1. Scanning for something of a type in the set (A, V, I, L, M), on the phi < 0 side of the Ramachandran plot and in contact (Cβ under 8 Å) with a residue 24 or more places away in the chain, does the range 16-23 turn up at least one residue?
2. Show me the strands (runs of 3 or more DSSP E) entirely contained within the range 11-112 in which 2 or more residues are of a type in the set (Phe, Trp, Tyr).
3. On the basis of being among the polar types (S, T, N, Q) and at pLDDT below 95, does SER109 make the cut?
4. Output the residue which, of all residues in the range 30-55 that are in contact with a Ser or Thr (Cβ under 6 Å, 6 or more places away or on another chain) and open to solvent by less than 80 Å² (accessible area, probe 1.4 Å), is nearest to HIS85 (Cα to Cα).
5. Counting only residues that are hydroxyl-bearing (Ser, Thr, Tyr), open to solvent by 40 Å² or more (accessible area, probe 1.4 Å) and touching a residue at least 24 places away in the same chain (Cβ under 8 Å), which one in the range 77-112 is farthest from CYS38 (Cα to Cα)?
6. Starting from residues that are of a type outside the set (A, V, I, L, M, F, W, C) and surrounded by 12 or more Cβ atoms within 10 Å (Cβ to Cβ), keep the ones in the range 56-69 and report whichever is nearest to ILE28 (Cα to Cα).
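The values are calculated or read from the model by the stated rules, or taken from the named source; none is laboratory data. Owing to the predicted nature of the structure, the values given are computational and were not obtained by experimental measurement. Virtual Cβ from ideal backbone geometry, glycine too; neighbours counted across all protein chains shown. What goes into the accessible areas is simple: the full protein's heavy atoms, side chains included, and nothing from ligands, DNA or RNA. Shrake-Rupley method; radii C 1.70, N 1.55, O 1.52, S 1.80 Å.
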Amino acid sequence: MENKHNILKLDCSKKVRGYSSEYSSIFIEIYDDKPDECILTYLYTDESHRQNGYGKQTLSEAESIAKDLGCNTAYLKVKTDSWMHQWYLRCGYQWYKNEDKQYTWLVKSLID
């Protein structure tokens, strides 16, 4: 019997880069089929160091790194109606689309 799973293949691959500082971390995902776009994921700031600017600094540095890697646009997914949603809007992100009732995709141009 032929193994049908051997005929499946991934249409594109992604590169994931993790970055961290002393108090925060973030991942940048770039897919081969859209190398000028990235998805920012898992922004985390140590709970005991929140509200000190580390998250904003990490986000800004990740955007700069993504731009240096050739990305013109950054996307991220955030829980709708959360404080993080409002925080990303204040950081320059805009509504892109709703994935469902709980999560919203936001977008930001990285071009000056």
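1. no
2. Passing ranges, in order: 24-31, 37-45, 94-98, 103-109.
3. No: the conditions fail for SER109.
4. Of everything passing the filter in the range 30-55, GLY55 is nearest to HIS85 (Cα to Cα).
5. Here is the first cut: in the range 77-112, the ones hydroxyl-bearing (Ser, Thr, Tyr) are 80, 82, 88, 93, 96, 103-104, 109.
In the following step, the residues that additionally are open to solvent by 40 Å² or more (accessible area, probe 1.4 Å) were identified as 96, 103, 109.
Among the residues that remain, those that are also touching a residue at least 24 places away in the same chain (Cβ under 8 Å) are: 103, 109.
Values: TYR103: 18, SER109: 11 Å.
Result: TYR103.
6. Filtering the range 56-69 down to residues of a type outside the set (A, V, I, L, M, F, W, C) leaves 56-58, 60-61, 63-64, 67-68.
Next, from what is left, pick out any that are surrounded by 12 or more Cβ atoms within 10 Å (Cβ to Cβ): 56-58, 60-61, 63, 67.
Values: LYS56: 15, GLN57: 15, THR58: 11, SER60: 12, GLU61: 11, GLU63: 9, LYS67: 11 Å.
For the range 56-69, the residue satisfying everything is GLU63.
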